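Have a look at the structure below before the remarks.
The values are calculated or read from the model by the stated rules, or taken from the named source; none is laboratory data. If you're wondering where the values come from, they're calculated on a predicted model, not measured in any experiment. With ideal geometry, Cβ positions are generated from the backbone for all residues, glycine too; neighbour counts draw on all protein chains shown. The protein model used for the area step is the full one, side chains on, heavy atoms only, and it has no ligands, DNA or RNA in it. Shrake-Rupley method; radii C 1.70, N 1.55, O 1.52, S 1.80 Å.
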Amino acid sequence: MPSADPDLREPAAPQAHDAAAAANDPIAHARPAPARVRPRARVAAPLAEGSAAGGGALDDVDRALLRILQADGRITNLKLAQAVGLSSASTHERVKRLLRDGTILGFHARLNPVLLQAGLLVFAEVRLADMSNEVNAAFKAAVQLRPEILECHEVAGGFDYLLKTRVAHMGAYRDLVAAVAWSLPGVRDVRTYAVMEELKNTAALPLAPREPVVN
């Protein structure tokens, strides 16, 4: 028996004639169905002209600047800006930042050693009698005093230090070894390698473009 209360009655199922009436209703036709909203893709904001990527990380423009400056440290800011496609102001700010954060350590003239009586390049392996603090400190202090020693590296292997030196001739090299090595009591052995031909000499670091990030 159906309930007498109209609020408790079950809703009637839609009838076929209701659907047909809705099809003929001009207002129903004019009311468009809600559009399906696609989620918006997240697009990374483009870099500002004078900024680097990743909060201090080098972007491709920075790397291009460094490659050019390594090849020609005297290039004008205008030509540098034209080479990388930035304004002069943005290029200047980028170079200042690279100097400030220590990526660029400085700009130096490259000299001709032959014309400056330093045409003989000699490498030397130095082995110390022991690696005590006193012996190491004395050797390092002696190395710092001699401008003929261009580089000195403590290395792993059969000897302790590798020296790169430039002198005018072998006699000057013998004087250098006598003053730096044989005058110190802690030096056990020095092996000398005079360079016959220099095949490659560069201080430029390899700076390939960044590899694309694959998601």
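Structure notes:
- Label-to-label distance, nm, for residues given as residue 78 and residue 174 (7 Å Cα→Cβ offset): 5.7
- Mean-position separation - Cα centroids, the stretch 150-165 and the stretch 188-210, in angstrom: 13
- Hits among lysines - C-alpha to C-alpha of residue 96 under 29 Å, sequence gap 8 or more where chains match: 79
- For the stretch 136-197, with all protein chains in place and a probe radius of 1.4 Å, 56% of the accessible heavy-atom surface sits on carbon or sulfur.
- In the stretch 118-215, the C-alpha radius of gyration followed by the widest Cα-Cα span (Dmax) gives 17.1, 62 angstrom.
- Modelled label positions at residue 87 and residue 141, each set 7 Å beyond Cα in the direction of Cβ, lie 5.6 nm from each other.
- Total formal charge among the other residues, if their Cβ is under 14 angstrom from that of residue 68, Lys/Arg +1 and Asp/Glu -1: +2
- Given their separation in residues at 0.36 nm each and the Cα-Cα distance between them, residue 201 and residue 60 gain 48.2 nm when the chain is fully extended.
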